[in-house]
Every structure is written in C-alpha cells, then in structure tokens.
1. Would you mind telling me which residue in 42, 183, 60 has the biggest mean-square fluctuation in a Gaussian network model of the chain, where springs connect alpha carbons within a distance under 10 angstrom?
2. Can you put 126, 37 in order, fewest other beta carbons within 10 Å first?
3. At a 10 Å Cβ-Cβ cut-off, how would you order 78, 307, 292, fewest neighbours first?
4. With each pseudo-label sitting 7 Å past Cα toward Cβ, what's the residue 228-residue 92 distance in nm, one decimal?
5. Quick one: if the Förster radius is 22 Å, what FRET efficiency do residue 84 and residue 337 give, using the C-beta to C-beta distance and rounding to 0.05?
6. As a test of the formula, what do you get for the chain when each DSSP H run with n ≥ 4 contributes -39,500 (n - 2.57) and the sum is divided by the residue count, at 222 nm and rounded to the nearest 500 deg cm²/dmol?
7. Could you line up 72, 29 from fewest to most neighbouring Cβ atoms inside 10 Å?
8. So, in nm, how far is label residue 31 from label residue 14 when the simple model puts each one 7 Å beyond its Cα toward the Cβ?
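No value in this document is a laboratory result; all are computed from the given coordinates. Small disclaimer: the values here were computed from a predicted structure and weren't measured. Note that each Cβ is placed from the backbone with ideal geometry, even for glycine, and that neighbours are counted across all protein chains shown.
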Amino acid sequence: MSAPATHLFQAKPSFARTAEKGVFWLFRSAAYLVLLCGALVFADIVIKGAPAVFTTTFPFVNTVFLTEAPESLYVFEHEGAKREMGDREFRAFREQEAAKAAAQGRKAPEIKATSFVYSAGGIFPCIVGTVLLVVGSMTIALTLGVASAIYLSEYARQSPLVSFIRLAILNLAGVPSIVFGLFGMGMFVIFLEWNVSLLAGWFTLAFMVLPVVITASEESLKSVPKGFREGSLALGATKWQTIRKAVLPYALPGILTSSILGIARVAGETAPIMFTAAYVVRDKLPWEGLQHAGDFFFQGVMALPYHIYVVSSKIPQNEYTERVQYGTAFVFLFIVALIAATSIALRNKLRGRYKW
C-alpha cells in the first residue's frame, strides 16, 4: 500500500521547526507552572484561612472575627476543662469567679493562664482601615492622574520638557514602595505635621500609584480616534467640551483598568502604610470619639497588610497566631478581589455603552 501523498504546501520537518516547537512548549510549561504556583498559594490561604472566617453552625460566619477588634488570647484549665477566652471575656470571667468565691466565704482561686497576643477577637478595625486607605488613595490618584494624562495627551505640545516628564513618570513606577513610605513620612507626617493619619497614608499611596494611573490613562486617551475630536470641533465645541463629551467617555474603560492595577498595588503595600497611616492596635474606629469633623482625616488606622506583618513576624508563633494569620489573609484577598471585581464590572458596562 502506497504512502499518502503530501500536500504541496505542507510544512516539512526540519531542525528549526522542531526547535521552535520545543521553545513553544517550554514557554507554555513555564506559564502553566506560574499559574499552578499561584493556585497553590491561593488554595493554601483558603484551606487554612476559611475555618477562621466560616463556622459549621448558623449563621455559618464567624461574626466575632469579622466584627470585633484584636485581643490577647488566654488559654487555661478550669474544672478539668481547657478554656480559651479573649481579653475582655477572661477579665469578666475572673471577676465572676472572685465574686462567687466571696459569696461563699472562701478565697478566690488563682487562675494560671497562658496569653497569646493578637490571637483572639477579630479584625474589623483592620478591614475598615484597609477599605478607607484604598478608596481614599485611589480617589486622589485617579483625580490627579486623569488630569495629568489629559494635559499630557490633549494640551501639552511635544517638547524636550514633556518627554522628560514622561520619562520621570516611567522611572517613578519602578521606585520601591519603602522609598515612597520614607518620602511620605518626611513630607506629610513630619514636614506638614499631619502625623500618622489617614490623610498622610492617602497621599503617600496615591503618589505611589500615580505613575501607573497616568501612563494607562494617557494611552487610553490616545487610543480614541482623532476623528472624534475633529468632528466635535467642526460642530463648534470648545477644546474642553470635546475632551469631556467626545474623548473622555470612550477612554474610561482603559482608565478603570489603571484603577484595577492601582488597587492591586495600593491594597497590598505594608511599608508606606506602616510609616504614614497604621497603628499596631487601635480600639477606636476613625469616626469614633471625634471632637471636630475634620479630625477624621487625622486619625491613624489599622490595616490588614500591616496586621498580617505584625502577627507573622513580630510576635511568637504558635497554632493560635497561625489561625489569625491565614484568616486575615483570606479576608484581605476577598476584599481586594471584591473591589477589583467592582471596577471590572463597571469597566465592562462602560465598554458596552461606548463603542466605535
């Protein structure tokens, strides 16, 4: 039986084609390996962190962990049973035992307990602080970044100065976050005397993410066809009316993409927050105990990344701190994913509305 005839234009095997195929599979394997490593990290956080957030009884959510402030955990034996209590509960328990002993005319029993810092209570102040820092810094970054991008794209003439500004913006994107943290501490905390506060954290994080926002926003503005501008100007619109009505709406999806990238970086930073905005422990929320409305902006906060850093590296490690570490990381990833998903949904909605 004769071999099937080959097509005239069929590729013939060669060493170059074999090598190219090998390189292709090498790149493909590397991509799959990166995805696998990321999936393993997320799976580890979910498996170890979910038990701290969810329970097997109604309402199936650990409300204490999500609604209370961090506390020290006390572990002790009482009447032959091992007990675990947070700081407030343990103090109330000791007072109750002392009152019971006094009523019976006997000496209060000595309760020997082992304490574990930050291993009880919850992370609600950290959640509030993280959301406030992300929303506030991204609002500032988008306002300044979009305004700068509009100027560079629509108003500025091409010159050595403008080219230098663009180069400086690109260089700022590669500056380590700890440098921004030191800048924020020197500029906002010390020089402007804002102290460790929300306002200092907002501006430090906003400046850190500004290069990403400016670059992505400028590229989005440039991607809008020139015909939109020319048509608007031909109908008698001013320069600003053209930008506001015929350019900016069609660039919004790309601008929101920059906000997604900014959120991912802002929310996960520890050094800038540590230097400018975060406290290790703060029982009061930013809006509690204010004498003036403006004091809200000058309150320090707790934050999830800084809390993870403290619990993971600044206190003795044990089974109780591990539960808090992974539970906090699980909630942190969920919040970041929720904010990013909201931006993506808004971006997709705008893409469907503005098409050309």
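1. Checking each option, the largest mean-square fluctuation is seen for 60.
2. 37, 126
3. Ascending number of Cβ neighbours within 10 Å: 292, 78, 307.
4. Using points 7 Å along Cα→Cβ, the separation is 5.9 nm.
5. Working from the Cβ atoms, E equals 0.10.
6. Taking each H run of at least 4 residues, the total per residue is -20500 deg cm²/dmol.
7. Numbers: 72 17, 29 10.
Lowest to highest Cβ neighbour count: 29, 72.
8. Between residue 31 and residue 14, the label points sit 2.5 nm apart.
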